[in-house]
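Below is one structure, written out as structure tokens, with a few remarks after it.
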Amino acid sequence: MTGGKLRAGKEIRAYLVLPELRAERTGARSIEARLEEAVGLARAIDLEVLRAEVRKIARPAPATLFGRGMVEEIAGIVAGEDADLVVVNGTLTPIQQRNLERAWNTKVIDRAALILEIFGRRARTREGRLQVEFAHLSYQRSRLVRSWTHLERQRGGFGFLGGPGESQLEIDRRLIDERLTRLKRDLEIVKRRRGQQRKARRRVPFAVIALVGYTNAGKSTLFNRLTRSEVNAEDMLFATLDPTMRAIDLPSGRQAILSDTVGFISDLPTHLVAAFRATLEEVIDSDIILHVRDISHPDSAAQNADVREVLGELGLQNRFEDGLIEALNKIDLLDPETKSVIAARAARSNRPAIPISAITGEGTERLLVVFDESLAASRQILAFRISASDGAAISWLYDHGEVLERSDDEAYVDIRVSLDEADAARFETRTGNLRS
């Protein structure tokens with residue numbers, strides 16, 4: 001690290017600064033909410049935030065982002081607070097990061113590095129670790145000023161904040177490229193395996209409902225309530241990273257698979273979106289996307305826009321019009337008047353929007369009914385001619401569809417059935433009987 005050392009074995013003391021560019025001041029997200037979120041990100045990896053403040057910038061300085069006078073002023077704050085780390089909640093170029101570290105005589109990280117560090121600590125599965133490491137190395141490739149020690153670490157981030165044996169050794173570009181090549185190969189294996197798992201699911205009568213939403217919107221809490229599970233659901237940004245899937249029972253008696261996914265966030269590093277594409281393909285192939293929103297948050301509308309932007313990057317624009325359901329979560333935190341306004345607005349929405357509380361359970365029964373209704377709406381009337389001896393195929397149609405008409409002769413059974421398109425495809429793949 002340039003200048004000073006991080007405190008071994010102690011909580012890292014951080015000064016957090018949010019640069020507010022003049023061009024950003026007309027955005028939908030309030031500056032107070034952005035600062036609060038930045039503090040939440042820092043605390044998610046146990047940083048002791050000594051001071052957090054907004055610094056207005058008229059024009060970014062190419063060498064340091066901040067102007068000379070502001071750089072000197074912050075240097076005095078860092079020294080006075082005895083800060084081990086400065087977190088800049090924005091994007092720093094490698095040159096800006098290096099110059100600020102020299103000017104402030106301490107380690108400096110930007111928003112992308114902070115989020116990557118959180119993801120590095122949160123990933124538990126081998127797949128998650130691969131994805132985060134790929135994102136981290138893609139980010140680090142242009143910087144070449146960090147140690148290589150994170151590859152030997154078994155858990156706990158990726159070395160932005162220091163680690164055992166950390167030194168000032170420059171990462172060799174060739175080693176990074178070789179590692180990225182291996183990671184790409186491993187991630188391709190992950191992608192193929194997930195594809196095989198999705199094909200296997202298509203052979204059984206389970207629709208997939210994917211939960212998406214801004215980080216800390218309550219997805220995991222809702223997941224636990226609907227599936228009666230106990231996945232990690234802390235009140236913390238990015239408490240969930242690795243995807244989890246469980247079966248749920250719908251009011252009609254049919255089962256579906258509920259998939260919890262990583263939370264989204266504004267200005268999500270593009271490296272992370274790319275790395276987690278294999279995991280987020282579960283969303284692409286889902287029958288229903290459930291967008292869980294923290295309707296009590298003052299920036300709920302801006303968070304909604306951020307989630308839509310990330311889903312758009314995944315090529316899911318059309319799903320906003322078809323197959324998307326909104327769960328307006330945390331209504332237990334609203335006063336009665338606001339709650340009534342939200343309920344009235346949801347009733348007028350052109351897509352299913354259900355006010356719920358994942359904590360108390362209010363509205364969740366209605367949500368399950370809407371799942372059923374949405375899946376039923378996708379049903380179509382199909383005709384099949386099945387061998388009279390194929391009792392298993394005939395029974396399958398009775399179990400998973402609504403048989404409207406049946407005609408038997410000695411050799412064949414002609415059936416007209418109301419069936420989901422997903423189930424129809426599964427039936428054809430499973431039995432070889434094609435719709436007529």
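Please treat every number below as a calculation from the coordinates, not as lab data. Everything quoted here is computed from the prediction, not taken from an experiment. Quick reminder, even Gly has a Cβ in these numbers, built from the backbone with ideal geometry, and neighbours come from all protein chains shown.
For segment 301-307, the Karplus equation 6.51 cos²θ - 1.76 cosθ + 1.60, evaluated at θ = phi - 60°, returns couplings of 5, 5, 4, 4, 5, 5, 5 Hz by residue, with Gly and Pro reported as x.
Proximity of backbone amide H atoms, modeled 1.01 Å from N, is registered between Y412 and A388 at under 5 Å, excluding neighbours fewer than 5 places apart on the same chain.
If every alpha-carbon in segment 378-431 counts as one equal scatterer, what log10 I(q)/I(0) does Debye give at q = 0.13, 0.24, 0.26, 0.32 1/Å? Here the Debye-derived log intensity ratios amount to -0.26, -0.90, -1.05, -1.45.
Ranked for footprinting exposure by Cβ neighbours inside 10 Å, fewest first, T215, T221 give T221, T215. Backbone geometry of segment 347-358 corresponds, through the Karplus equation with coefficients 6.51, -1.76 and 1.60 at θ = phi - 60°, to 3J(HN,Hα) couplings of 5, 8, 5, 7, 9, x, 9, 10, x, 9, 10, 5 Hz, x marking Gly and Pro. Spin-label pair D335-T360: with each label point 7 Å from Cα along the Cα-Cβ axis, the two points sit 1.6 nm from one another.
Packing order of peptides 400-413, 285-298, highest average first: 285-298, 400-413 (average count of other Cβ atoms within 10 Å over each peptide's residues).
Extending 7 Å from the Cα toward the beta-carbon at both R379 and A63 defines two label points whose distance is 7.1 nm.
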